[in-house]
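Visitor: First, the structure itself, so that you have it in front of you.
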Amino acid sequence: MRAVMLEARKALTMAFLGAAWLALPGGAAMAQTPGAAAFSPPAEAAMPTGPFGDAVKLGENIFRNTPKYAPQFTGNTLSCDNCHLDGGRLANSSPMWAAYVAYPAYRAKNKKVNNFGERLQGCFRFSENGKAPPLDSTVMVALEAYSFWLSTNAPTGAKMAGRGYPKLAKPAAAPSYQRGQAVYAQNCSLCHGANGAGTMAHGAVVFPAVWGKDSYNWGAGMSTISNAADFIHANMPLGMAGTLSTQQAWDVAAYIDSKDRPQDPRFTGSVAATRAKFHDTPFSLYGTVVNGHVLGGTAQ
Ligand code: HEC
Ligand code: HEC
């Protein structure tokens, strides 16, 4: 199934890159992701064997195909790998080797010190629109084993280059839905679909949903325009990271984050109260009116 998915993804990506390449002025070279990190996680072939190796392998499988390997905790079709690229190995794509050594840490989101497992629970609840796996569950221990292994020889507590998504500069003009719609049509819709629902082949996700019922919910980091702009500029379009201008990244982030998606699981019963409590920032469109429609007001 994974082979089918990868083949379909490769074919479409090549079609897209071929067309985009010709459209680039003077055949400009692909931009490099800025600030590439010096750290290299261990090679796949170096994965240990035995019971610990089994846990690492299970963790990798969950990471790369979350709906299949952790269905009880997953409420959409996204996998961790869709936002933490290359199995959580890629610098500037919020890699697990940089995250693992950075916890326990205080998080303003839940106003307490989180250990690494609690941080993973957040991505299940919001990005996966699912349920938090218990800290001692097989799923959690496997993801921790995988992240621990990826961070082999990384210094504990160090702020590693390549952690998170690089902070994008502020845009010259306020992000615009209309301009974002045009950026999306030209640079994103071939893979993610004009309706944002992504592309499936033989029941497997080839290109993930960026809005709608199969996407991340209103509590997810990615539903905040600033986070989405950071991620998109550094990682999208797939294979051409860094080619969007700063303004285009902000505009397209505003566009996808002004579409319907699953309700924030912290919903208090009122969209206005939920906005006031959790989304009181210009970077969240939750609870605002876009195209005559209150975002977060219709359950997906
Ligand atoms: C829809 C995209 C998306 C998906 C799917 C997703 N994440 Fe994340 N993840 C993010 C974003 C965005 C952040 C940073 C957000 C923030 O800081 O608020 C993040 C942050 C994290 C962090 C903290 C990184 C650090 O350096 O502190 C960890 C760990 C993590 N995710 C693990 C996972 C795991 C494990 C899964 C799968 C179960 C997953 N994520 C699924 C988008 C996603
Ligand atoms: C060539 C195909 C392709 C193009 C073009 C493309 N993406 Fe993606 N995108 C992907 C794939 C594949 C992933 C998942 C990455 C992975 O699993 O390795 C992804 C992941 C994402 C994610 C995180 C996962 C999710 O579904 O929320 C977002 C957000 C996203 N892309 C936005 C964009 C935007 C915005 C554009 C246009 C500027 C774009 N993409 C262009 C293929 C593409």
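The values are calculated or read from the model by the stated rules, or taken from the named source; none is laboratory data. Here the structure is a predicted model, which means the values were calculated and not measured. Cβ: placed from backbone, ideal geometry, glycine included. Neighbour counts: every protein chain shown.
Visitor: Quick one: ILE62 ticks every box in (1) touching a residue at least 60 places away in the same chain (Cβ under 8 Å); (2) within 13 Å of ligand 1 (Cβ to nearest atom); (3) in a helix (DSSP H, G or I); (4) over 24 Å from ARG261 (Cα atoms) bar one, so which box is it?
Guide: (4)
Visitor: Something else now. Can you list residue pairs whose Cβ atoms sit under 6 Å apart, with the first residue in the stretch 270-283 being assigned to a helix (DSSP H, G or I) and the second being of a type in the set (Lys, Arg)? Count only pairs 6 or more apart in sequence or on different chains.
Guide: Note: pairs meeting the criteria are PHE278/ARG266.
Visitor: Let me ask another. Look at the stretch 126-161 and say how many of its residues are surrounded by fewer than 21 Cβ atoms within 10 Å (Cβ to Cβ) and of a type outside the set (A, V, I, L, M).
Guide: The total comes to 13.
Visitor: Can you tell me which residues in the stretch 76-87 are more than 17 Å from GLY203 (Cβ to Cβ), touching a residue at least 24 places away in the same chain (Cβ under 8 Å) and either more than 10 Å from ligand 1 (Cβ to nearest atom) or touching an Asp or Glu at 6+ places or on another chain (Cβ under 7 Å) (or both)? Write out each step before concluding.
Guide: Kept after step one, since they are more than 17 Å from GLY203 (Cβ to Cβ), are these residues of the stretch 76-87: 80-81, 83-87.
Then keep just the ones that are touching a residue at least 24 places away in the same chain (Cβ under 8 Å); that gives 80, 83, 85, 87.
Hits for the stretch 76-87 are LEU85, GLY87.
So that you can scan it fast, the table gives a plain yes or no per residue for (1) among the aromatic types (Phe, Trp, Tyr); (2) in the same structural domain as ARG125 (by TED's automatic domain parsing); (3) in a loop (DSSP other than H, G, I, E, B):
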| residue | (1), (2), (3) |
| --- | --- |
| GLN186 | no, no, no |
| CYS191 | no, no, no |
| ALA194 | no, no, yes |
| TRP218 | yes, no, yes |
| PHE231 | yes, no, no |
| PRO237 | no, no, yes |
| TRP250 | yes, no, no |
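Visitor: Among the numbered criteria (1) surrounded by 19 or more Cβ atoms within 10 Å (Cβ to Cβ); (2) assigned to a helix (DSSP H, G or I), which single criterion is violated by GLU118?
Guide: All conditions are met except number (1).
Visitor: If you don't mind, there's one more thing I want to ask. Just the residues that are within 7 Å of ligand 2 (Cβ to nearest atom) and either free of Cβ contacts under 8 Å to residues at least 24 places away in the same chain or among the hydrophobic types (A, V, I, L, M, F, W, C) (or both), please, taken from the stretch 224-252.
Guide: Hits for the stretch 224-252 are ALA228, PHE231, ILE232, MET236, LEU238, LEU244, VAL252.
Visitor: Same structure, new question: For the stretch 142-160, give me each residue that is outside any loop (DSSP other than H, G, I, E, B), small (Gly, Ala, Ser) and in contact with a Phe, Trp or Tyr (Cβ under 8 Å, 6 or more places away or on another chain).
Guide: Going through the stretch 142-160, the residues outside any loop (DSSP other than H, G, I, E, B) turn out to be 142-150.
Next, from what is left, pick out any that are small (Gly, Ala, Ser): 142, 145, 147.
Selection gives ALA145, SER147.
Visitor: Please determine, by comparing only the residues of the stretch 105-138 that are more than 18 Å from LYS277 (Cα to Cα) and within 16 Å of ligand 2 (Cβ to nearest atom), which one is farthest from the chain's Cα centre (by Cα).
Guide: Residues of the stretch 105-138 more than 18 Å from LYS277 (Cα to Cα): 105-106, 113-121, 123-124, 127-138.
Remaining after also requiring within 16 Å of ligand 2 (Cβ to nearest atom): 123-124, 127-130.
Details: CYS123: 9, PHE124: 12, SER127: 7, GLU128: 10, ASN129: 12, GLY130: 15 Å.
It comes out as GLY130.
Visitor: Another question about this same structure. Tell me the residue from THR288, THR243, THR268, THR224 that is among the polar types (S, T, N, Q) and touching a Pro at 6+ places or on another chain (Cβ under 9 Å), please.
Guide: Values: THR288 fails: touching a Pro at 6+ places or on another chain (Cβ under 9 Å); THR268 fails: touching a Pro at 6+ places or on another chain (Cβ under 9 Å); THR224 fails: touching a Pro at 6+ places or on another chain (Cβ under 9 Å).
Testing whether each residue is among the polar types (S, T, N, Q) and touching a Pro at 6+ places or on another chain (Cβ under 9 Å) leaves just THR243.
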